[in-house]
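Below is a structure I'd like to ask you about.
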Amino acid sequence: MEISDQLRCLYSATVEERDGSYVVEVPEQEIQLGDLQEGETYRVAVLPSPSNDDASDTDTEPERERGPPKPPVEEGEQRTVEIENLGDQGDGITRVERGFVVIVPDTEQGERVTVEITDVRENVAFAEVVERVSYYD
């Protein structure tokens with residue numbers, strides 16, 4: 001399955017019935033991380049969860065008990081990205097899979113660059129420009 005670069009968050013939840021409607025709760029962490037804003041409207045994709053019948057013989061932890069997903073980048077990894085906007089300190093900001101934020105100093109909004117990931121944290125990574133890329137390449 002292909003996952004859009006526009007994906008802002010990914011989590012598992014249970015669909016619950018409340019007062020004649022069905023509700024999927026958004027974890028507080030997703031608002032705190034800044035990927036989602038209270039009161040805004042977002043598109044939501046609902047995917048089936050593997051049934052217990054499909055589980056292998058090994059005992060696996062339920063997804064909600066595993067903690068946050070691992071960052072989708074690793075130190076030393078190179079990627080070509082477009083700088084989406086600038087942060088408060090003037091550093092470039094781009095997002096990769098699941099809306100994961102990568103901060104890239106010395107870049108401008110709209111610039112296309114190849115970066116090397118230098119530091120990865122739980123909810124953000126930092127990168128340095130390796131090459132400035134032309135849109136025609």
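What follows draws every value from the coordinates through simple rules; no lab data is involved. All values reported here derive from a predicted model rather than from experimental measurement. Positions of Cβ are backbone-derived with ideal geometry, glycine not excepted, and every protein chain shown enters the neighbour counts.
Work out from phi, with θ = phi - 60° and the Karplus expression 6.51 cos²θ - 1.76 cosθ + 1.60, the ³J(HN,Hα) of each residue of the range 20-30, listed in order in whole Hz, and give x for Gly and Pro.
Whole-Hz 3J(HN,Hα) from phi for the range 20-30: x, 10, 10, 10, 10, 7, 8, x, 3, 4, 5.
Right, here's the next one. Looking at the range 78-132 only, what percent of DSSP beta bridges run antiparallel? Nearest 5 please. Don't jump to the answer; show the numbers that get you there.
On the way: 18 of 21 bridges.
If we restrict to bridges inside the range 78-132, about 85 percent are antiparallel.
Starting with the highest mean, order 110-117, 8-15, 19-26 by the number of other Cβ atoms within 10 Å, averaged over the residues of each peptide. If you can, show how the numbers build up before the last one.
Numbers: 110-117: 17.5, 8-15: 13.9, 19-26: 9.2.
Sorting 110-117, 8-15, 19-26 by mean packing, highest first, produces 110-117, 8-15, 19-26.
How long is the range 78-132 along each principal axis, judged by its Cα atoms, biggest number first, in Å?
Result, largest extent first: 26, 24, 17 Å.
Can I ask one more? Along the Cα→Cβ direction, 7 angstrom out, place labels at Arg121 and Gln32. What is the inter-label distance in nm?
Taking the two extended label points, one gets 1.4 nm.
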